[in-house]
Amino acid sequence: MGMRLQFVVGILTGLLLAGCAEDLGVDQHGRKVTAEQLDGQWLVINYWAEWCGPCRTEIPELNRLAEQTQGRAVRVLGVNFDTLQGDALSKAAEGLGIRFTVLAQDPAARYQLPRNDVLPVTYIVDGDGRLRERLLGEQSAAGLLARLTELQGKE
């Protein structure tokens, strides 16, 4: 009986740890972002920095896109290019008026996003977690929504 209990506890521990490994860390408010929250969602992942002029003008467009896609299987996510964390990330996001989720940890490895040294850059990831498009430069809400609609129609 003791070995069986250890086996069950080992299996349960492994499952719990595997579930935690899929989480995407926290957002700019310190709230946990779980894989479950994003599973099946199309993701618009935008990399930005405070010093990037086009990023600053693009953020209101991303806010608009996030509002326009509420209730749909689309999430707008931001990632700070300079890897700001904690209070610094929160203050930067607030200072730029970001109203969408900003991830404190870079999800590039999870979604196999190529490294990019040009900002802004936006990636569109489908509901299965596959990279569908990389868009360089400033984007508009209307352009992103049109591109999402087109890509989703090809499914």
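Please treat every number below as a calculation from the coordinates, not as lab data. Just so we're clear, the structure is a prediction, and the values are computed from it rather than from any experiment. Neighbour counts are summed over all protein chains in view; Cβ atoms, including those assigned to glycine, are modelled from backbone coordinates with ideal geometry.
Across the options 149, 90, 28, the greatest Cα extent toward the positive end of the charge dipole of the chain (unit charges at beta carbon of Lys, Arg, Asp, Glu) belongs to 149. Using the average count of surrounding beta-carbon atoms within 10 Å as a protection proxy, the listed peptides 59-66, 134-141 rank, highest first, as 59-66, 134-141. For the chain, taking Cα atoms only, Rg and Dmax work out to 17.6, 65 Å respectively. Every helix of 4 or more DSSP H residues in the chain counts as -39500 (n - 2.57), and over all residues that averages to -13000 deg cm²/dmol at 222 nm. I need the shape label for the stretch 49-110. Rule: rounded when a/c is under 1.5, else prolate if a/b > b/c, else oblate, with a, b, c from the alpha carbon gyration tensor. Note, shape of the stretch 49-110 comes out oblate.
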